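Readers should treat all values here as calculations from the given coordinates under stated rules, not as data from a laboratory. As the structure is a prediction and not an experimental result, all values here were calculated from the model. For neighbour counting, all protein chains shown are included, and Cβ atoms are generated from backbone atoms with ideal geometry for every residue, glycine included.
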Amino acid sequence: MSHILHRNLRQVPPLAVAASGIHMHDSVGRTYIDASGGAAVSSLGHGHPDVIAAMHRQIDRCAYAHTAFFTTDVAEELADRLVQGAPQDIGGVYLVSGGSEAMETALKLARQYWVEAGEPKRTLFVARRQSYHGNTLGALAVGGNEWRRKAFAPLLMDTVRVGACYEYRGRAAHQSVDDYTAGLLDELETRILEAGPDNIIAFVAEPVVGATGGAIPPTPGYFQGVRDICDRYRILFIADEVMCGMGRTGSMYAIEQDGVAPDIIAIAKGLGAGYQPIGAVLAHQTIVDCLRGGSGVFQHGHTYIGHPVAAAAALEVQKVIERDDLLGRVRSRGATLRRMLGDVFGTHEHVGDIRGRGLFLALEFVQDRATKAPFAPERKLHAAIKAKAMECGLMVYPMGGTIDGQRGDHVLLAPPFIATAADLSEIVSRLSDAVEAALHT
Ligand code: PLP
């Protein structure tokens, strides 16, 4: 048995020995199409020569520099690029090693901002029931994923909860989309008023929900409404773009498509595209000015913040995305994949919803399309589809769980941006085989 404690303690997964383009290869000679980019990470595919060369150059020059002593040109250039490409007036960037760290950083930065702004009474975050913001204690506290939280619940800070924007399950048949959205915003405002607006640090949300429901986009106007409410009550808005950001939805930040500027954005996954562990937090100019004019220090830090090899990899990923117009490609390939999924699964009796943005798409499985009744939880359909997909040489990201009292099985697709139309067609064909195999066992 393996000594590694990752994931399932009773199973040892295949041994990955090589990867290139959209393919992963294991030690017994099997090849898998990486249709989920790992967990929506590998946006450029595997083995990208330009990113690898950039990492080599940086390792040769300076593999590590502690931020208490030095900054590096790659970290500075990466921060400059992120500031220039951001959807709001960004005053600064904090580079960390992944998504949970980015979210912890965002939460602490928001809290320290209010302390320095003379409002230390603000201690609460408002977040949505259907959400995942990371596995460290602060991020887990704001996340709404019950099974991930369960064992640790007594250790987690209280969070004000509001409903998810999940049209497929949340909107009643007789309700218009506008009425459904207005209801969600009413609930947000009510919870804020109950908790007391001047006790609240920030509202936290994923612009397109990832790991707790599968590529769920907001309804039109939802985030504009959120922004208005946050402004009305002087509450910060933190967008968790760890999964949906960095081009995955066809714009660099998913929230751009909603025409809204958050105060803080957390990014990770696609930032380093899997070549290095890296995440970042982008903070609005007002926040940075407040700290700069106040204590002058953000009370935070990790040994590997601003790691130069990670920064070099992320910088090159940014350059490749721009040079090869990969955002345009995500939009066109995303439309292609969606059409293909519609052709194969659009009328499938057990597929209730096909949704998402760009190359961030998901299927939701149901026992009964008319009633939207989910499959029995014991069946673990999402896990069965993942297992069958692996047998078919396909990696998909499965999700299941109870959300707002409703259980669902989902499969997320987040293929590399470089996937061709032929690759996408093969992905859909293998997925169809895997789904049928899982449904009939
Ligand atoms: N936030 C979101 C929206 C995520 O999807 C994830 C991971 O899936 C995280 C935060 C945590 O990121 P990490 O796993 O890199 O710590």
Report task. Report, ordered by chain and residue number, the aspartates and glutamates lying within cross-link reach of K121, taken as a straight Cα distance under 16 Å and ignoring same-chain residues fewer than 8 apart. Result -> D158, E194, D198
Query raised in the report: Cβ under 12 Å from H350's Cβ, H350 left aside: what net charge do those residues give with Lys, Arg +1 and Asp, Glu -1?
Result: -3
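What is the magnitude of the charge dipole of segment 63-321 about its Cα centre, with +1 placed on the Cβ of each Lys and Arg, -1 on the Cβ of each Asp and Glu, and no other charges, expressed in debye to the nearest 20?
Numbers: 21 positive and 29 negative charges, 144 e Å.
Result for segment 63-321 is approximately 700 debye, rounded to the nearest 20.
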Query raised in the report: So for segment 63-321, taking the charge dipole from beta-carbon charges (+1 Lys/Arg, -1 Asp/Glu), which of Q285, V309, S295 sits furthest toward the positive end?
Result: V309
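Take every DSSP beta bridge whose two residues both sit in the chain, then give the antiparallel share in percent to the nearest 5. Before the final figure, lay out the partial values.
Numbers: 38 of 55 bridges.
In the chain, DSSP labels about 70 percent of beta bridges as antiparallel.
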Report summary line: Length-normalised contact order of segment 272-321, Cα under 8 Å, at least 6 apart, in percent, tallies to 63
Report summary line: Residues meeting the amide H criterion for G92 (H placed from the backbone, H to H distance under 5 Å, 5 or more places apart or on another chain) are A283
Query raised in the report: Okay, which of segment 219-245 sit inside 18 Å, backbone N to the point 7 Å along the Cα-Cβ direction of S176?
Result: 219-225
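Below 8 Å between Cα atoms, with a sequence gap of 6+, how large is the relative contact order for the chain in percent? Can you show the working numbers first?
Details: 894 pairs, mean separation 97.8, N = 441.
Contact order relative to length: 22 percent.
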**Report entry** Under 21 Å from the Cα of K386 - lysines, other chains or at least 8 residues apart
**Finding:** K269
Report summary line: Rounded to one decimal in nm, the spacing of the 7 Å Cα→Cβ label points at T71 and T420 is 4.4
Query raised in the report: Mind checking the log10 I(q)/I(0) for segment 63-321 at q = 0.17 Å⁻¹? Debye, one equal scatterer per Cα, no solvent, two decimals.
Result: -1.37
Report summary line: Residues meeting the amide H criterion for D409 (H placed from the backbone, H to H distance under 5 Å, 5 or more places apart or on another chain) are F365, F375
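Going highest first, how would you order 66-74, 43-51, 131-139 by mean Cβ packing within 10 Å? Mind dumping the intermediate values first?
Numbers: 66-74: 14.0, 43-51: 19.3, 131-139: 22.1.
Ranking the peptides 66-74, 43-51, 131-139 by packing returns 131-139, 43-51, 66-74.
Is there a quick way to get the dipole size of the chain? I mean about its Cα centre, with the Cβ of Lys and Arg at +1 and of Asp and Glu at -1; what is the value in debye to the nearest 20? Can you show the working numbers first?
Working: 42 positive and 49 negative charges, 186 e Å.
That gives the chain a dipole magnitude of about 900 debye.
Can you tell me how much longer the chain between L193 and D231 gets when fully stretched, taken as 0.36 nm per residue apart minus their C-alpha distance, in nm with one decimal? Each step should come with its number before you reach the end.
Working: separation 38, 0.36 × 38 = 13.68 nm, distance 1.36 nm.
The L193-D231 span can extend by a further 12.3 nm.
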**Report entry** In Å, descending, principal axis extents of the Cα set of the chain
**Finding:** 62, 59, 44
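Among DSSP beta bridges lying fully in segment 63-321, give the percent that are antiparallel, nearest 5.
Details: 11 of 26 bridges.
The antiparallel proportion sits near 40 percent.
Order the peptides 57-63, 31-37 from the highest to the lowest mean number of other Cβ atoms within 10 Å of their residues.
Sorting 57-63, 31-37 by mean packing, highest first, produces 31-37, 57-63.
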Report task. Multiply the residue gap between R339 and N135 by 0.36 nm, knock off their C-alpha separation, and tell me the result in nm, one decimal place. Result -> 70.0 nm
Report summary line: To the nearest 20 debye, segment 293-441 has a Cα-centred charge dipole, built from +1 on Lys and Arg Cβ and -1 on Asp and Glu Cβ, of 240
